[in-house]
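Working notes, structure below.
The values are calculated or read from the model by the stated rules, or taken from the named source; none is laboratory data. What you are looking at is a predicted structure, and each value in this text was computed from that prediction instead of being measured. Backbone-built Cβ (ideal geometry, glycine too); neighbour counts: all protein chains shown.
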């Protein structure tokens with residue numbers, strides 16, 4: 001009897017040790033993500049706001065007001081340099097807006113079909129295809145837009161209206177980014193739609209509603225908070241897209257909202273500037289970190305809005 005009690009006590013002690021070990025490992029995983037974010041912020045601030053030593057940070061040479069309100073972007077050293085981020089912001093916003101126009105109806109339609117209309121076999125066939133689209137490298141999408149969408153789809157379409165379309169344009173970049181983020185919207189929205197209780201659907205069918213009425217007037221409104229959060233996350237993903245925009249959109253930092261012209265986004269400028277031959281302590285190289293801070297603030301704000309929408313409008317069912 002004493003031996004069995006000792007064995008039970010020993011096994012319980014080992015169980016508690018394993019639980020503490022698992023808890024510590026999970027805590028380290030969570031802490032690592034926080035520390036990584038903090039390290040990124042420190043690197044950005046250390047080169048954009050305050051740089052210890054002999055070199056000067058970006059905002060020690062350029063005012064914040066000039067950076068936020070300037071309409072010319074020419075990141076060169078000397079008096080000829082212009083560091084107004086509005087051209088980069090307008091290009092980023094235009095690409096993300098076009099991507100949203102493309103991805104929102106496609107992603108939501110795919111989610112509704114897979115959740116409400118598709119048979120189990122059809123869903124098992126369509127779901128992996130969407131995941132494959134999400135796994136294609138962005139550089140492949142960029143060349144697809146440059147070599148197929150622009151010359152074979154957009155140029156003939158614009159020619160019907162007498163409009164000229166450049167080889168590099170934000171319309172093509174926005175369309176291909178929209179295709180890239182469509183799987184994200186479809187996957188997240190489908191998960192949210194499928195989480196709507198079955199009882200709501202059955203009640204609507206009992207009242208004589210059609211499948212479309214149930215989908216459009218019952219299921220989608222019930223899952224609206226999660227769908228909106230998915231849209232905002234996809235919009236944030238479109239803002240941060242790099243290689244596809246670099247290849248399809250061009251490198252022209254012009255403050256314009258004309259999608260038929262080329263433009264430069266914040267991420268494409270960071271790629272272009274980081275591959276240059278400017279000195280490490282030059283203001284043109286320091287501008288990368290200033291744009292990085294602006295991009296970080298924009299994406300963080302969108303993610304916070306997404307979380308607020310989830311908390312504010314989430315429907316809780318028993």
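Within region 92-103, identify whether any single residue is in a helix (DSSP H, G or I), loosely packed, with under 14 Cβ neighbours inside 10 Å, in contact with a helix residue (DSSP H, G or I) (Cβ under 8 Å, 6 or more places away or on another chain) and outside the structural domain of residue 123 (by TED's automatic domain parsing), and answer yes or no. For region 92-103, residues in a helix (DSSP H, G or I), loosely packed, with under 14 Cβ neighbours inside 10 Å, in contact with a helix residue (DSSP H, G or I) (Cβ under 8 Å, 6 or more places away or on another chain) and outside the structural domain of residue 123 (by TED's automatic domain parsing): absent. Looking across region 127-144, just one residue is surrounded by 13 or more Cβ atoms within 10 Å (Cβ to Cβ) and not in a helix (DSSP H, G or I), and that is 136.
For residue 196, the conditions (1) closer than 25 Å to residue 88 by Cβ; (2) in a loop (DSSP other than H, G, I, E, B) are fulfilled apart from (1).
Regarding residue 246, is this residue without any contact (Cβ under 8 Å) to a residue 40 or more places away in the chain and within 27 Å of residue 103 (Cα to Cα)? Judged against the criteria, residue 246 is not a match.
Output yes when any residue across region 278-296 is in contact (Cβ under 8 Å) with a residue 24 or more places away in the chain and in contact with a strand residue (DSSP E or B) (Cβ under 7 Å, 6 or more places away or on another chain), and no when none is. Yes. Might you check whether a residue that is in contact (Cβ under 8 Å) with a residue 24 or more places away in the chain and either in contact with a strand residue (DSSP E or B) (Cβ under 7 Å, 6 or more places away or on another chain) or at positive phi (or both) occurs anywhere in region 87-106? Within region 87-106, one or more residues are in contact (Cβ under 8 Å) with a residue 24 or more places away in the chain and either in contact with a strand residue (DSSP E or B) (Cβ under 7 Å, 6 or more places away or on another chain) or at positive phi (or both).
When 185, 175, 179 are checked against the criterion of being surrounded by fewer than 21 Cβ atoms within 10 Å (Cβ to Cβ), in the same structural domain as residue 250 (by TED's automatic domain parsing) and out of contact with any strand residue (DSSP E or B) (no Cβ under 9 Å at 6 or more places or on another chain), a single residue qualifies: 179.
What about residue 261, is it free of Cβ contacts under 8 Å to residues at least 24 places away in the same chain and farther than 18 Å from residue 180 by Cα? Spelling it out, it is not the case that residue 261 is free of Cβ contacts under 8 Å to residues at least 24 places away in the same chain and farther than 18 Å from residue 180 by Cα. Among the residues making up region 145-167, those that are surrounded by fewer than 19 Cβ atoms within 10 Å (Cβ to Cβ), in a helix (DSSP H, G or I) and free of Cβ contacts under 8 Å to residues at least 24 places away in the same chain are 147, 148, 151, 152, 153, 155, 156, 157, 159, 160. Here residue 74 meets each of (1) touching a residue at least 24 places away in the same chain (Cβ under 8 Å); (2) touching a helix residue (DSSP H, G or I) at 6+ places or on another chain (Cβ under 7 Å); (3) not assigned by TED's automatic domain parsing to the domain that holds residue 214 with one exception, condition (2).
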